[in-house]
Amino acid sequence: MGEITDAIERADQQHFTRRPPVTLKGQIGFLIRRLGSAKAVAAQIGVTADSVNRYRRGARKHARPDVAARIQDAVTSRWQPQVRRRRQQQAATTGGITVETRARFGYTAPIGTTDDGRFRRLTVHLPPAYAQRLFDAQAAGAPDRELRGIVADGFRDVYFQDSGTRATGLSEVQLTDIDYLDLDY
């Protein structure tokens with residue numbers, strides 16, 4: 001996954017109203033209820049159906065680290081989908097998103113001005129339209145490069161151009177070399 005997709009996932013997890021299951025047996029039980037069968041869970045996490053049933057019964061209390069990570073990812077990606085949808089819907093219609101990042105920003109500017117990229121640490125609240133574009137692109141399976149472009153467009157409009165009051169000749173902002181990126185909505 002990319003930086004933007006990971007940031008969306010982390011932001012979703014901050015709004016869980018209950019913690020996801022912690023024990024291996026609880027996680028497997030949740031996945032079986034969600035996916036319908038041990039065979040489906042086995043295909044999802046890359047083990048045999050017998051192994052899944054051993055985890056479910058408690059005969060195996062610990063999974064290999066790589067399998068445990070896949071189980072954890074499968075659980076958190078399916079945990080509280082209605083909470084996720086509600087928070088994303090709110091961000092896309094009324095709230096917007098807050099992006100905090102330290103990254104290299106470069107831009108295309110008129111002749112005679114500097115367009116050298118440089119690292120900046122920014123915290124910017126983007127309007128709901130950008131949240132909607134970001135969530136729609138992520139749902140459509142857009143690559144991280146495209147998601148990064150949406151965030152860069154938001155920075156251009158809100159931060160660099162100050163909603164159209166300055167730097168009107170600025171045409172394109174590029175977001176590269178991301179140190180960290182966090183979203184909140």
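The values are calculated or read from the model by the stated rules, or taken from the named source; none is laboratory data. The shown structure was predicted, so the numbers you read here are calculated from the model rather than taken from an experiment. Every residue, glycine as well, gets a Cβ built from its backbone with ideal geometry; the counts of neighbours run over all protein chains shown. Accessible surface areas use protein heavy atoms only, side chains included; no ligands, DNA or RNA. Shrake-Rupley method; radii C 1.70, N 1.55, O 1.52, S 1.80 Å.
Every condition in (1) more than 30 Å from residue 185 (Cα to Cα); (2) touching a helix residue (DSSP H, G or I) at 6+ places or on another chain (Cβ under 9 Å) holds for residue 75 except the one numbered (1).
If you filter region 135-160 down to residues that are in a loop (DSSP other than H, G, I, E, B) and under 13 Å from the mean Cα position of the chain (by Cα), you find that the one that is surrounded by the fewest Cβ atoms within 10 Å (Cβ to Cβ) is 141. Residues in region 13-40 that are in contact (Cβ under 8 Å) with a residue 24 or more places away in the chain and either touching a strand residue (DSSP E or B) at 6+ places or on another chain (Cβ under 9 Å) or among the hydrophobic types (A, V, I, L, M, F, W, C) (or both): 14, 16, 24, 28, 30, 31, 32. Scanning region 120-134 for residues that are in contact (Cβ under 8 Å) with a residue 40 or more places away in the chain and either over 16 Å from residue 3 (Cβ atoms) or surrounded by fewer than 12 Cβ atoms within 10 Å (Cβ to Cβ) (or both) yields 131, 132. Taking residue 94 as the residue in question, decide whether it is open to solvent by 60 Å² or more (accessible area, probe 1.4 Å), more than 17 Å from residue 157 (Cα to Cα), of a type in the set (Ser, Thr, Tyr) and modelled with pLDDT of 90 or more. Criteria met by residue 94.
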